[in-house]
Ligand SMILES: [Zn+2]
């Protein structure tokens with residue numbers, strides 16, 4: 001029998017993303033910009049970072065570290081033993097699913113065994129993501145719209161010769177260095193591995209090793225997350241009385257601070273969770 005979903009754990013990460021270099025995320029909806037390659041804007045003309053773009057960049061950062069940390073990550077490549085990536089493993093699994101008459105429990109076990117740790121956290125064709133990224137908007141106090149978008153000149157490259165094409169210049173827009181954006185990342189019902197992987201990604205971004213957007217070969221899109229705040233709602237490690245207290249606080253509160261518990265020191269929190277990864281457990285290299 002399948003039990004109904006319950007909310008046992010939720011984590012909220014809020015911070016400010018600051019651009020260390022200019023940023024280019026192209027968009028088709030651009031309020032009549034004359035540029036050949038405009039940046040994506042809100043209907044009000046503000047540059048923003050779609051949550052899906054940030055999720056993609058954050059996922060790559062985590063995938064690069066997951067294997068080293070002792071967890072599995074297919075990086076969405078075929079042949080890594082994960083059905084989250086397109087290819088033979090996914091085809092074989094789809095065939096098994098079509099032909100088998102086994103119940104839901106069996107299906108879930110099979111998913112658990114055949115999805116890598118990063119596909120479990122970030123989602124796959126079979127199971128929803130457990131991490132959510134809101135669109136990143138400039139904070140109210142940082143909306144000096146006139147200077148936030150700049151135009152740069154590029155040179156068109158001939159695809160066959162890979163040489164610059166004479167007189168074929170184009171321009172592209174960037175969001176200027178030092179522009180800030182509000183970050184909101186939510187974890188819903190994560191396992192301890194999910195939480196540790198999310199903290200691994202956050203550690204990269206708070207250390208200034210984050211990237212986002214396109215044209216990275218031109219040095220664009222380096223960024224850092226500052227002022228990270230971590231809010232926790234966790235019934236898993238609580239006594240019955242404490243569960244009741246936390247639930248009441250959650251149900252009656254309006255803001256994240258009222259509903260969830262603010263962690264005293266975000267960096268200490270990240271480090272504690274990262275230390276739960278297999279690489280920090282004694283047996284990993286045994
Ligand atoms: Zn995978």
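Can you give the convex hull volume of the alpha carbon atoms of the range 79-124 per residue, in Å³? Intermediate results must be reported in sequence, preceding the final value.
Details: hull volume 3.0 nm³, N = 46.
So the per-residue Cα hull volume is 66 Å³.
How much of the calculated P(r) for the range 54-95 lies past 13 Å, in percent of all Cα pairs? The calculated P(r) of the range 54-95 puts 56 percent of pairs beyond 13 Å. Sorting 250, 205 from the fewest to the most surrounding beta carbons within 10 angstrom yields 250, 205. Please give the residues of the range 212-240, grouped as numeric ranges, whose backbone N is less than 19 Å from a label point set 7 Å along the Cα-to-Cβ vector of residue 112. Residues passing the 19 Å test: 236-237.
Assign one of three labels to the range 184-286, namely rounded, prolate or oblate, based on the Cα gyration tensor with a ≥ b ≥ c the square roots of its eigenvalues; rounded applies when a/c is under 1.5, prolate when it is not and a/b is larger than b/c, and oblate otherwise. The shape class here is oblate.
Look at the alpha carbon pairs under 8 Å that are at least 6 residues apart: their mean separation over the length of the range 8-141 gives a relative contact order of 23 percent. The fewest-to-most ranking of 262, 115 by surrounding Cβ atoms within 10 Å reads 262, 115.
Using Cα pairs closer than 8 Å and at least 6 residues apart in sequence, work out the relative contact order for the range 69-135, in percent. Present the calculation step by step, with values, prior to reporting the outcome.
Values: 67 pairs, mean separation 20.4, N = 67.
With pairs under 8 Å counted, the relative contact order is 30 percent.
In the elastic network of the chain, a GNM with C-alpha springs shorter than 10 Å, the most mobile of 274, 149, 240 is 240. If the elastic network links every pair of Cα atoms under 10 Å, which of 242, 63, 173 fluctuates the most in the Gaussian network model of the chain? The residue that fluctuates most here is 242.
With coordinates expressed along the principal axes, the C-alpha atoms belonging to the range 58-142 extend over 57, 27, 20 Å, beginning with the largest. Note on the chain: with a GNM built from Cα contacts shorter than 10 Å, the maximum mean-square fluctuation among 272, 141, 188 falls on 141.
What's the angle, to the nearest 10 degrees (0 to 90), between helix 88-99's Cα axis and the longest principal axis of the chain? Tilt of helix 88-99: around 50 degrees. Largest first, the extents of the alpha carbon coordinates of the range 1-125 on the three principal axes equal 57, 35, 32 Å. Across the range 204-235, the residues whose backbone nitrogen lies under 14 Å from the label position 7 Å along the beta-carbon direction of residue 150 are 219-222.
Give me the percent of Cα-Cα pairs in the chain that sit more than 28 Å apart, rounded to a whole number. Of the Cα pairs, 49 percent sit more than 28 Å apart. For the chain, the mean residue ellipticity at 222 nm estimated from helices alone is -9000 deg cm²/dmol, where every DSSP H run of n ≥ 4 contributes -39500 (n - 2.57) and the total is divided by all residues, rounded to the nearest 500.
Normalised by the number of residues in the chain, what is the relative contact order in percent for Cα pairs under 8 Å and 6+ residues apart?
Across the chain, relative contact order equals 30 percent.
On a 0 to 90 degree scale, rounded to 10, what angle separates helix 192-206 from the longest Cα axis of the chain? In the chain, helix 192-206 runs at an angle near 30 degrees to the longest axis. Put in line by how crowded their Cβ is, counting other Cβ atoms within 10 Å and starting with the fewest, 24, 211 read 211, 24.
A short reminder: the numbers here are calculations on the coordinates, not readings from a lab. Please read all numbers here as calculations on a predicted model, not as lab measurements. Every residue, glycine as well, gets a Cβ built from its backbone with ideal geometry; the counts of neighbours run over all protein chains shown.
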